[in-house]
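J.: Dropping a structure here in structure tokens format, bear with me for questions.
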Amino acid sequence: YNDYMVRARVSEVINVASNAKTAVSEYRIAKGSMPTTNTLAGVTSVVSQYVSGLAVGAGGVITVTGNQTNLGS
């Protein structure tokens with residue numbers, strides 16, 4: 001049961017990354033280059049119970065930081 005709960009929490013982190021992935025992909029198609037910031041990609045830094053932050057960096061690299069305390073181990 002504990003493993004199930006952790007996996008359910010991590011799915012929120014994955015969903016946040018998925019939304020950012022779509023935004024980065026759309027930017028690439030429209031502009032012909034990769035976004036380097038959240039603003040260019042059209043995403044905001046998401047903070048929730050399980051996600052501490054979201055950043056789009058150089059080359060369109062997406063970094064989602066989970067909240068280890070709330071995610072569990």
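The values are calculated or read from the model by the stated rules, or taken from the named source; none is laboratory data. In this text the structure is predicted, and so the values were computed from the model without any measurement. Glycine also receives a Cβ, built like all others from the backbone with ideal geometry; neighbour counts cover every protein chain displayed. When the accessible area is computed, the model is the full protein with side chains, heavy atoms only, and any ligands, DNA or RNA have been set aside. Shrake-Rupley method; radii C 1.70, N 1.55, O 1.52, S 1.80 Å.
J.: Check GLY60, GLY66 and return the single one that is within 16 Å of VAL13 (Cβ to Cβ), under 14 Å from the mean Cα position of the chain (by Cα) and of a type outside the set (Val, Ile, Thr).
T.: Going through GLY60, GLY66 in turn, just one is within 16 Å of VAL13 (Cβ to Cβ), under 14 Å from the mean Cα position of the chain (by Cα) and of a type outside the set (Val, Ile, Thr): GLY66.
J.: Can you work out which of the residues in segment 34-46 that are in a loop (DSSP other than H, G, I, E, B) and in contact with a helix residue (DSSP H, G or I) (Cβ under 8 Å, 6 or more places away or on another chain) is surrounded by the most Cβ atoms within 10 Å (Cβ to Cβ)?
T.: Among them, the one singled out is PRO35.
J.: Checking the structure you have, find out if any residue of segment 48-58 is at pLDDT 90 or above, assigned to a loop (DSSP other than H, G, I, E, B) and open to solvent by 60 Å² or more (accessible area, probe 1.4 Å).
T.: no
J.: Does VAL13 meet the test of being of a type outside the set (Phe, Trp, Tyr), in contact with a strand residue (DSSP E or B) (Cβ under 7 Å, 6 or more places away or on another chain) and open to solvent by 40 Å² or more (accessible area, probe 1.4 Å)?
T.: The answer is no for VAL13.
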